[in-house]
Amino acid sequence: MSVKRRASKLAVITLLQIGSVFALPTTTDSVRFDCIFSATSGGHVLKYDLCPLLSRAKYRISRDVETPPSITRIHYDISLGDYIPWDGTLPARDQCEQGTNVCMTVISERPDHRLEPPRTIYVVPVAGNFPDRQLNVTSKLSRKIDSMGNLPLTVTFRGGLYMGVPQKAVFTFMCDSSVTEADILQDREMVRLSQLYLYQYMTHYLVLKMEGAWLVLEQSFIFPIRLINPTIPHFPLPIIFRMSLPGGIDFGLNRVHVLVTGAAGGIGLEIVQEFLKHSAYVTAQYHTSPGSLPELQKGIDNLELFQADVTDEHAVKKLFSRGGEFFEQEVQLVLVNHGIFPEEDVNLVDMDLAQWKRTLDVNLTGPFLLVREFLRRLRKPRRKFAPDLSKVAVVVIGSTSGEFGEAGHVDYSCSKAALQSGFIRTVKNEIVQIAPAGRINAVSPGWVRTPMAEATMSDPSLVERAIATVPLRKIATTSDIARQVLVLASSTFSGHVTGQNIIVAGGMEGRLLNPPGETSAKHDGSATAAASTSPRAKPR
């Protein structure tokens, strides 16, 4: 695949600050960035002309959030060519300083006090011409996504640090083969923000997300961009615009090296994505297939994938060694997510010794080898890779099976019970001998809606039985589990929490042993097997 680019320029402004008064901007230099891309794929040539967007774009994206008794208004002003205009009628503290390209403003209003003027709570100059937040534009043509059949283009605007948080805007452009030219001609004013998120023909869209102390902000928009010489059939307008602006809440995970085992599974993949959002270095382990991890890895440099058998002592050592070498830093957080749950219900009386050993080998010996190697490397880190010991933590994934038992799965129940009880309560007293601030905790899910559980979840009777003892009357999502892991792993939010097992199961009271209408086992021994205490498939 060959790539050609045409460069454009953005003026860079230097501000002269005298006291609290800003002088007029003065052009001192220019930043070059690529705005026209062409790529050859399968004998066809596809060209992207992004110059109109990058040189003249001005947008205001807003969202109102009810925060009784007030309303919080969040505005993102984006001006990629010129700087955001300075309003001389407003106080300086209520707007971003001159020379800003991307500005976030948070305003509070009281609808029940109409005479009370709006109050500016927060103003963040995300990117612009500032020594510590200089606008830095880079771009790259990503590898082809087979499922989409196109070549995405990623343009990144980096704004440096603001209050210790890296600020950036990421634009991804791609063609949508489901949109016809007639769709575009029918709605020529798609750029009007009030209409964009309702545009039903798009399979990809702009997501503006701010994860902060106040809220999670999400909005969808579509921007039509001119496509030059579209020689590939079925690649009409538009090109899709996607942007993400991180900011606000800081979990203290920036450049913290995290090892996630079982990363290709439903919960594991969600954990990886959650930590990537917070700028962590992630070593993702998988056993046989990486699943969708390679797609997630495209275009980023803080995720590395490694295949390893966690029951193999040598493989575990190699996993830590290679991960540390890749990120030039020893692992600081270990998230033990892997595990096996035999699909077939087998009561203890009929269970083979081989199944018992295999389940405990993966679910209990694996965590033992991982945490042991982790502590050994913390005790004697490689000279160049010594980590920050204040961030050290382990989070293991347990299960409600370890709390209540699981008929037909005594092997799984015992392995999880040992992990989320005796294991973490012992290690919490040993880890501090190596890392004084080191912690270990467990997150024990109940029923979770994962890709593997979709077939089970499609049976209403099984779902009803699963949630019969759950007060919240719902099945957890993978993000429910991943976010709990995130909070426990963060020393910023859980620095004084260790040796605890957090059950994420909607308040589950136990198992539904004898559902109405189900025939119970006879006491005369004529029954061959007792009823299972849960639906046949454990969705984890």
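Can you tell me how many residues within region 488-504 are in contact with a Phe, Trp or Tyr (Cβ under 9 Å, 6 or more places away or on another chain) and either surrounded by fewer than 16 Cβ atoms within 10 Å (Cβ to Cβ) or not assigned by TED's automatic domain parsing to the domain that holds PRO445 (or both)?
2
Given the options LEU335, LEU375, name the one that is modelled with pLDDT of 95 or more and not in a strand (DSSP E or B). Write out each step before concluding.
Details: LEU335 fails: not in a strand (DSSP E or B).
After ruling out the rest, the residue left standing is LEU375.
Taking the stated definitions as given, is SER458 under 22 Å from ILE271 (Cβ atoms) and either in contact (Cβ under 8 Å) with a residue 40 or more places away in the chain or surrounded by fewer than 19 Cβ atoms within 10 Å (Cβ to Cβ) (or both)?
Details: under 22 Å from ILE271 (Cβ atoms): no; either in contact (Cβ under 8 Å) with a residue 40 or more places away in the chain or surrounded by fewer than 19 Cβ atoms within 10 Å (Cβ to Cβ) (or both): yes.
No.
How many residues does region 470-492 hold that are more than 20 Å from LEU333 (Cα to Cα) and modelled with pLDDT of 95 or more?
Of the residues in that region, 0 qualify.
Of all residues in region 451-493, which are touching a strand residue (DSSP E or B) at 6+ places or on another chain (Cβ under 7 Å) and part of a helix (DSSP H, G or I)? I'd like the intermediate steps shown before the answer.
At the first step, the residues of region 451-493 found to be touching a strand residue (DSSP E or B) at 6+ places or on another chain (Cβ under 7 Å) are 457, 475-478, 480-481, 484-485, 488-489, 491.
Passing the criteria: MET457, THR478, ASP480, ILE481, GLN484, VAL485, LEU488, ALA489, SER491.
From ARG425, ARG382, ARG376, ARG372, grab the single residue that is more than 17 Å from ALA489 (Cα to Cα), of a type in the set (Lys, Arg) and in contact (Cβ under 8 Å) with a residue 40 or more places away in the chain. Steps first, answer last, please.
On the way: ARG425 fails: more than 17 Å from ALA489 (Cα to Cα); ARG376 fails: in contact (Cβ under 8 Å) with a residue 40 or more places away in the chain; ARG372 fails: in contact (Cβ under 8 Å) with a residue 40 or more places away in the chain.
So the residue among ARG425, ARG382, ARG376, ARG372 that is more than 17 Å from ALA489 (Cα to Cα), of a type in the set (Lys, Arg) and in contact (Cβ under 8 Å) with a residue 40 or more places away in the chain is ARG382.
Tell me, which residue of region 296-319 that is closer than 21 Å to ARG255 by Cβ and without any contact (Cβ under 8 Å) to a residue 12 or more places away in the chain is surrounded by the fewest Cβ atoms within 10 Å (Cβ to Cβ)?
ASP301
Looking only at region 266-295, filter to residues that are assigned to a loop (DSSP other than H, G, I, E, B) and within 13 Å of the chain's Cα centre (by Cα); which one of those is surrounded by the most Cβ atoms within 10 Å (Cβ to Cβ)? It would help to see each step written out before you state the result.
Residues of region 266-295 assigned to a loop (DSSP other than H, G, I, E, B): 278-280, 287-292.
Now restrict to residues that are within 13 Å of the chain's Cα centre (by Cα): 278-280.
Numbers: HIS278: 20, SER279: 17, ALA280: 26.
My answer is ALA280.
The values are calculated or read from the model by the stated rules, or taken from the named source; none is laboratory data. Because the structure is a prediction, the values reported are computed rather than measured. Using ideal geometry, Cβ is built from the backbone for each residue, glycine included, and neighbour counts are taken over all protein chains shown.
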